[in-house]
Structure formats: C-alpha cells, structure tokens
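Below is one structure, written out as structure tokens; comments come after it.
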Amino acid sequence: MECQRLLQIMAGVESRRVVVLGDFFLDKYLDIDRSLAETSLETGLEAHQVVRVRTSPGGAGNVAANLRALRVGVEALTVIGDDGEGYELLRELHARAIGTDSLLRAPERFTPTYTKPMLREVDGRIHELSRLDIKNRAP
C-alpha cells in the first residue's frame with residue numbers, strides 16, 4: 001500500500017464507529033517479586049508475593065482497544081460474568097472510552113480471564129509462570 005493511500009484511509013477513521021463482537025477477556029498480570037518470597041505454613045510451598053496487579057482488555061477487547069487507539073468509535077458486543085473480573089474488564093473498557101451499552105452481564109457465566117503471573121527473579125530477570133485461565137466450558 002502506498003503511503004498516500006494509507007493517509008487517506010486514516011484521515012477518515014475518526015468518523016467511523018464499529019461494533020466488536022467476540023470473546024472479551026480480562027488480561028490480568030500479577031507482578032511477583034521473588035526476593036519477598038515466603039514459605040507457606042500450611043503447605044511448606046513457596047508463597048509468591050504479588051507487588052503489583054495490572055489489567056487490560058484481552059481477546060476481542062484487545063481488538064477494541066487497538067481500534068480506540070486509532071480513534072475509531074467502538075461498541076463492545078459480548079457476554080461477561082457478573083463477577084469481580086467483569087467489574088475490572090468494564091473499568092478497563094470505560095477507561096479507553098469503549099462503549100458497553102451492548103455488553104451483557106450474566107450471573108451464571110465467568111468473565112473470561114487470563115491470569116499471567118510474572119516472576120521477577122532476584123537478579124532482575126522476568127519470566128511468566130504457568131498461566132491461570134478462567135473460561136466458560138458450557139455453550
């Protein structure tokens with residue numbers, strides 16, 4: 001694509017409004033500091049110490065957030081749970097000015113969530129531990 005054509009397309013993008021239909025996930029990052037690790041009295045296992053929690057829209061929510069970053073008007077069309085993760089996802093969507101009037105909250109559903117523990121080693125290296133997924137298994 002030529003640069004001029006791209007500029008023409010982008011010039012009109014702010015006047016567009018789209019509906020994003022899909023699975024809106026909450027991406028939740030748990031920043032863990034290994035230097036603060038403790039041993040659990042109950043299990044004897046290492047108890048990771050979370051020092052920061054970061055959240056953002058994932059799945060179709062990531063598509064919606066990227067469109068908003070381009071200043072496209074976006075409405076979310078999805079079903080999420082009536083739970084804490086749903087509250088956090090709504091907060092993140094509202095912070096990005098993504099419309100939620102078409103979003104349904106269902107108490108019998110989970111809000112799909114990818115929880116990503118990010119372990120910072122004593123030497124400063126950071127790596128992701130096994131992810132914890134919350135998904136709806138029923139249609």
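General observations
- Residue list for region 115-135, restricted to those being within 24 Å of residue 36 (Cα to Cα), touching a residue at least 40 places away in the same chain (Cβ under 8 Å) and not in a loop (DSSP other than H, G, I, E, B): 115, 116, 117, 118, 119, 120
- Restricting region 21-48 to residues that are touching a residue at least 60 places away in the same chain (Cβ under 8 Å) and in contact with a helix residue (DSSP H, G or I) (Cβ under 7 Å, 6 or more places away or on another chain), the residue that is nearest to residue 119 (Cα to Cα) is 26.
- Against the test of being loosely packed, with under 14 Cβ neighbours inside 10 Å, modelled with pLDDT of 95 or more and over 26 Å from residue 70 (Cα atoms), the options 121, 128 yield a single qualifying residue, 128.
- Test: residue in region 95-114 that is touching a helix residue (DSSP H, G or I) at 6+ places or on another chain (Cβ under 9 Å), in contact (Cβ under 8 Å) with a residue 60 or more places away in the chain and basic (Lys, Arg): no
- Screening residue 101 on (1) touching a Ser or Thr at 6+ places or on another chain (Cβ under 8 Å); (2) within 30 Å of residue 16 (Cβ to Cβ); (3) part of a loop (DSSP other than H, G, I, E, B) shows it passes everything except condition (1).
The values are calculated or read from the model by the stated rules, or taken from the named source; none is laboratory data. Just so we're clear, the structure is a prediction, and the values are computed from it rather than from any experiment. Positions of Cβ are backbone-derived with ideal geometry, glycine not excepted, and every protein chain shown enters the neighbour counts.
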